[in-house]
1. Report, by chain and number, residues whose modeled amide H sits under 5 Å from the one on residue 51, excluding near sequence neighbours (fewer than 5 apart, same chain).
2. What whole-number volume per residue, in cubic angstrom, does the convex hull of the C-alpha atoms of the stretch 48-122 give?
3. With a Förster radius of 51 Å, plug the Cβ-Cβ distance of residue 198 and residue 249 into 1/(1 + (r/R0)^6) and report the FRET value to the nearest 0.05.
4. Mind checking which lysines have their C-alpha under 28 Å from residue 151, skipping anything on the same chain fewer than 8 residues away?
5. When the chain is fully extended, how far beyond the present Cα-Cα distance does residue 173 get from residue 52, taking 0.36 nm per residue of separation?
6. By per-residue mean of other Cβ atoms within 10 Å, what is the highest-first order of 86-96, 32-42?
7. What base-10 log of the normalised intensity I(q)/I(0) is obtained for the stretch 229-313 from the Debye formula, alpha carbons as equal point scatterers, at q = 0.15 Å⁻¹?
8. Given labels modelled 7 Å from the Cα in the Cβ direction, how far is it in nm from residue 220 to residue 111?
Amino acid sequence: MQKISLIVPCYNEELTIEIFYNTVEKVFHDNPETFKDIAHEYRFIDDGSTDKTLPELQQLQAKHPETVHYLSFSRNFGKEAGLAAGLQHAEGDYVAVMDVDLQDPPALLPEMLELLQTGNYDCVGTMRANRHGEPAIRSFFSRAFYSVINKISKVQIVPNARDYRLMTRQMVDAILELPEYNRFSKGIFNWVGFKTTYLTFENAPRSAGESHWSFWQLLNYSIEAIVDFSEVPLKIATFIGGMFAFLSIIGMIFIIIRKLFWGNSVGGWASLVSIMLFVSGIQLFCLGIIGNYIGKIYLESKHRPQYIVKEQR
Ligand code: UDP
Ligand code: MG
């Protein structure tokens, strides 16, 4: 019998886990045709929650020992680590990745599975039809992020696409081949290739609890994503450096000619100082870009595990 695994990262989600479980069970129950010959399992990942998420998961697991499994991290390692752990432990022939707050509607699962079963696709992703209910500034920056990363990196990331997706075992195995420590899942899903189609859905508010992402965390995440999937910022640094070297040669020629024909004149020190400040600013900026990459190399080269499991069932 085939099996579908649901990977569900949870960080301080004591309020949403039970609602999530009941809603998903109802979807399986209401679509007996689609899920006739297919079993399912849950792979919850407790990402070092500080509330009652773990006891909630323990209870749920005790009630449904066959289908519910969980991993509990020793601390908060971030959603990306949770997804990686889930993918490594999932046993299903089909693997879904979804948030526990029901912002990824489980009602799409039957359609996603049917699409995969046609054999035409290896992955069914989802995207939001719009970004209603989100602060305007967040939508603006996220649009800017997608347009930048799609211009400067080789993988194409579909704007508004969620992490929510259903994949075949073959695609999951391909993802597991990527051992990197710094993970940006949306990029990785694209990088491995395979045929993906997208379903669109209306944005839903959180079932309970609060979002864990602040504006700065999202900004940071965007920079990480760009560094992970593009070398263009390094080239920009080289380009800016080259441009300034060129300009300064022209400047020097100009000064020499002026000296030869018109003699020397003191003055212009203010513009000189501002140019110096400007150029050193650019230098620091470029160093910062390079530093970002070196930081990544440093982290990768330490070969630390992506997460540490404290409890597993
Ligand atoms: N999450 C996680 N670790 C974290 C932050 C979030 O596992 O450090 C989980 C969270 O429990 C949820 C999913 O990632 O299932 C998405 O988080 P959230 O709903 O806060 O993000 P948003 O929907 O606002 O982008
Ligand atoms: Mg959410």
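1. It is 12, by chain and number.
2. Numbers: hull volume 9.3 nm³, N = 75.
Spread over its residues, the Cα hull of the stretch 48-122 gives 123 Å³ apiece.
3. Numbers: r = 51 Å, r/R0 = 1.00.
The pair residue 198/residue 249 has a calculated efficiency of 0.50.
4. Within the straight-line limit of under 28 Å, residue 151 reaches these lysines: 79, 186, 195, 235, 296.
5. 40.3 nm
6. On the way: 86-96: 20.7, 32-42: 14.2.
In decreasing order of mean packing, 86-96, 32-42 become 86-96, 32-42.
7. Taking Cα atoms of the stretch 229-313 as identical point scatterers yields -0.77.
8. My value for the distance between the label points is 3.6 nm.
No lab work stands behind these numbers, since they all come straight from the coordinates. These figures come from a predicted structure and were not determined experimentally. Don't worry about glycine lacking a Cβ; one is built from the backbone with ideal geometry, like all the others, and counts go over all protein chains shown.
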